[in-house]
Each structure stands twice: as C-alpha cells, then as structure tokens.
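Every read-out reported here was derived from the displayed coordinates using simple, explicitly stated rules and does not represent laboratory data. In this text the structure is predicted, and so the values were computed from the model without any measurement. Cβ placement follows ideal geometry from the backbone for every residue including glycine, while neighbour counts extend to all protein chains displayed.
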Amino acid sequence: MSISHDTPIGWGILGTGNVARRFAADFSYLNDARLVGVGSRRQETARLFGKRFEIHHQYGSYQELVDDPGVEAVYIATPASVHKNNIMLCLAAGKAVLCEKPLTVTGHEAEEVIALARLKQVFLMEAMWTRFLPIIRKLRDLLAQGRIGKIHHFMADLGSPAPFDPQSRIFNAELGGGAMLQRGIYLLSLANMIFGSPSSVKSFSMKGESGVDEETGFLLKYGCHSLATLWCSISIAGQREGAIVGTNGLLRIHPPINCPSCLTVQDFRPQKTSRTLKRSDGTPTLKNRLIQYAKGKRFLHLLRERFPVFSNRILHGIHTTIFYDPPKGEGLHYQVSEVNRCLRAGRMESPIMPWDESLSIMRTMDQIRAQS
C-alpha cells in the first residue's frame, strides 16, 4: 500500500463500543492522522458514532469500511473473540491494522494473522496501549541504560473489579472474557518487554459464576536467575502497581500500572544522601524545590504530613529519583503515531510491539489457561 508523506493518513474504526469512543476522542491530539470512516454491524450505530465524532463515512458493515479507498489504516475495537476474523478481513483488503489487545485469543490464531500479514506485506500491530505511553518509553530507556543493574524480579498486580454481567465482554467467555485476557495481558506484556519469553510457567486461577477466570496468579521463570510474580483480577481491587528489582536498585511503576504517569528509581548502591524529583526529560519540578527547601527544617512537619514517602526517604538516606510524565488524553493516540511512523518508513511491524512479542505473549497465555 502506498502511503502519502504529504497528507494525514486516513483511518477507519471497526467497532463502535466504549474503547472505540475513547480511541476516536484521542484523535484531537494528532496532526498526521484523520478519521475518515467507521464500520458497525448496524447502520444506525455507525451513523450515531460518526455524527458524534464528525466521521463522514458511516458504514453498516465491516466489509464496506475496508472497501473504502480513503481508509488506509483500521483500528479494530471489537471483542477479542472476533479479532482474528476482523484482522484477516482488513489484511485481505490491504489495510494496515492496529488491533486492540489481545491480538487474538490463542497463540494459533496469532500465528495465522501474522502469517497473512507477512504474505500480504501489510502492516499489523497489537494495540498494547501501555507500551506506547511516555513514562513506559522512559522505563525502557532506564532498563536499556542498566540503571538498576541486572534484573532479577518483576512483581506486579492489576486487580480492578467490574460490575458482574455474564453477557459483557469482561465476564463472557465467548467474547474473550476473564481476568487473564482483560487484565493479565498488560502484566504479561510488561514482563515480556523486560525479560522476553519465559522458560517456565506456573499458574493458578479461580473461576467465577460465568465460567471465566476472575482471578489468576502466575509465576514465570526466565533462565536461571529471573522471575516474574504476577496477579490479576476482574472481581476485586489490587494495588495496580509493579516493581522491577535489579542488582543495583529498584524501579517502581506507580498505579495504575496499565496507564502510569510516574516511575520511582531507588538506588541501592552506597552514595551521598540525596533526593531528586524529575519529569521524564530530567527537568526538576516544583515539588523537588519544595523538598530541598524543607531540608532547612522550617517546613519539615508539612513535608512529613503531605509527602510522607518523600520525607522518609530523605531522612533515611535513600537515593530516589521520580520521573513524572502523564499521558495526554487517554494516551491511545501514541499508538496511532507509531503506526503512522512505521507506515511512512515502509515497515510491516513496529519495533516497540513486534509480531514475535505478541505471539510470545499469546503462547504464554495458552500455557497459563491450560493449567487453570
């Protein structure tokens, strides 16, 4: 497919549910993309969606959407159970695809869609929202720099209760429901980004009334010295945060782990007591200046009251750096920018979320579910 370098890339949305609405709203942050079409199973649904987001072409079928010559890339926002069929429809029409996570439901399905993308020479990427957020990009940089040394352990949880509805995509197995597909995939994606594919998988699940896993805990081993301890739930709340432990320090991902704005790096190595608070670009913030002023003890009582974690770290001599970089809007538009960048460069896959990683994650999920 030939992509113009002079005009915004034309996008279509396949599906009109909640995630599709959030995705469309984020287009206001983009200059190199425009929404030109929306496809639904019902014409009236497409019409209402198109009216709300000022999308001119409104189609009552997915086929009509992919047949639109003005649509160069398609975002798939349907339930996971139909991702495979929707992806193949788009790829067969030569449309670049950004498919909402999980890419598919099983590893075998992932193999099929990737094989078709390779055969058709068409771009395909899993829409793993978290991977493209500014603070996670900073996390990748810190790990690449060896900031906390050799990594030994990643521990994280993502427990977020949803109202029980056996027909919803969260609790309906036929729609790809369950804690692993709805929550755990974020944790698996981060673990895969940190370590790669696991050499061993152990898991336990607790199934609910609708038959899906409502809670799942899993232990992943990587080689001889690295572990990931993860837990996810759709029935109860957790801390929704994570920690990466290395030989030289600890890196904490602040909640919510699937859309974080903040990272804390704690250095274990002996050094002069210090405390910094920075944005992801390294710029000191007002809060950092407040902490430095508080060392004069005039406002130490206020610091303890308002920022107990910060003040304790100062008093106990632990060197900590905080990076803060919240996403704009929902943060979904960063994925679109990455797809556009790849299309203009003639790539079929993104180096941030490559096919092999999506496939590895799906195969790991297959192992976890086989043990439940």
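Screening Pro354 against (1) buried (at least 19 other Cβ atoms within 10 Å of the Cβ); (2) under 15 Å from the mean Cα position of the chain (by Cα); (3) free of Cβ contacts under 8 Å to residues at least 60 places away in the same chain leaves a single unmet condition, (1). Looking only at residues of the range 317-351 that are more than 22 Å from Val105 (Cα to Cα) and of a type in the set (Ser, Thr, Tyr), we find that the one that is surrounded by the most Cβ atoms within 10 Å (Cβ to Cβ) is Tyr334. Taking the range 193-218 as the range and being over 21 Å from Thr247 (Cβ atoms) and either among the aromatic types (Phe, Trp, Tyr) or in contact with a Ser or Thr (Cβ under 7 Å, 6 or more places away or on another chain) (or both) as the test, the residues that pass are Ser197, Val201, Ser203, Phe204, Ser205, Gly208, Asp213, Glu214, Glu215, Thr216, Gly217, Phe218.
The range 54-120 holds helices (runs of 4 or more DSSP H) entirely within its bounds, and those carrying 2 or more residues that are closer than 29 Å to Ser28 by Cα map to 62-67, 83-92.
Considering the range 16-45 alone, what residues qualify as being out of contact with any Phe, Trp or Tyr (no Cβ under 8 Å at 6 or more places or on another chain) and under 19 Å from Thr78 (Cα atoms)?
Applying the first criterion (out of contact with any Phe, Trp or Tyr (no Cβ under 8 Å at 6 or more places or on another chain)) to the range 16-45 yields 17-19, 22, 26, 28-32, 42, 44-45.
Once the filter is applied, which keeps residues that are out of contact with any Phe, Trp or Tyr (no Cβ under 8 Å at 6 or more places or on another chain) and under 19 Å from Thr78 (Cα atoms), the range 16-45 yields Gly17, Asn18, Val19, Arg22, Asp26, Arg42, Glu44, Thr45.
Evaluated against (1) over 21 Å from Ala73 (Cβ atoms); (2) among the acidic types (Asp, Glu); (3) part of a loop (DSSP other than H, G, I, E, B), Glu330 falls short on exactly one condition, (1). Residues in the range 83-97 that are aliphatic (A, V, I, L, M) and within 20 Å of the chain's Cα centre (by Cα) were compared, and the one that is farthest from Val19 (Cα to Cα) is Ala96.
Being out of contact with any helix residue (DSSP H, G or I) (no Cβ under 8 Å at 6 or more places or on another chain), surrounded by 16 or more Cβ atoms within 10 Å (Cβ to Cβ) and part of a helix (DSSP H, G or I) is the filter here; which residues of the range 29-46 pass it? Lay out the reasoning, then the answer.
At the first step, the residues of the range 29-46 found to be out of contact with any helix residue (DSSP H, G or I) (no Cβ under 8 Å at 6 or more places or on another chain) are 31, 36, 42-46.
Those still in the list that are surrounded by 16 or more Cβ atoms within 10 Å (Cβ to Cβ) too: 36, 45-46.
If the condition is that a residue be out of contact with any helix residue (DSSP H, G or I) (no Cβ under 8 Å at 6 or more places or on another chain), surrounded by 16 or more Cβ atoms within 10 Å (Cβ to Cβ) and part of a helix (DSSP H, G or I), then Thr45, Ala46 are the ones that fit.
Scanning the range 54-64 for residues that are farther than 18 Å from Met88 by Cα and either among the basic types (Lys, Arg) or surrounded by fewer than 17 Cβ atoms within 10 Å (Cβ to Cβ) (or both) gives Glu54, His56, Gly60. Just one of (1) in contact with a Gly (Cβ under 8 Å, 6 or more places away or on another chain); (2) surrounded by 22 or more Cβ atoms within 10 Å (Cβ to Cβ); (3) closer than 25 Å to Leu35 by Cα trips up Leu103, so point out which. Only one criterion in (1) in contact with a Gly (Cβ under 8 Å, 6 or more places away or on another chain); (2) surrounded by 22 or more Cβ atoms within 10 Å (Cβ to Cβ); (3) closer than 25 Å to Leu35 by Cα is unmet by Leu103, namely (1).
Let's see how each residue does on (1) buried (at least 23 other Cβ atoms within 10 Å of the Cβ); (2) among the small types (Gly, Ala, Ser):
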position	(1), (2)
Ala93	no, yes
Ala96	yes, yes
His108	no, no
Glu111	no, no
Leu119	no, no
Val122	no, no
Met125	yes, no
Met128	yes, no
Lys138	no, no
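Could you count how many residues in the range 7-25 are more than 15 Å from Glu100 (Cα to Cα) and in contact with a Gly (Cβ under 6 Å, 6 or more places away or on another chain)? Let's see the steps before the verdict.
Applying the first criterion (more than 15 Å from Glu100 (Cα to Cα)) to the range 7-25 yields 7-10, 25.
With in contact with a Gly (Cβ under 6 Å, 6 or more places away or on another chain) added as a condition, the list becomes 10.
Number of matching residues: 1.
Looking only at residues in the range 180-204 that are in contact with a Gly (Cβ under 8 Å, 6 or more places away or on another chain) and small (Gly, Ala, Ser), which one is surrounded by the fewest Cβ atoms within 10 Å (Cβ to Cβ)? Once the filter is applied, the top-ranked residue is Ser199.
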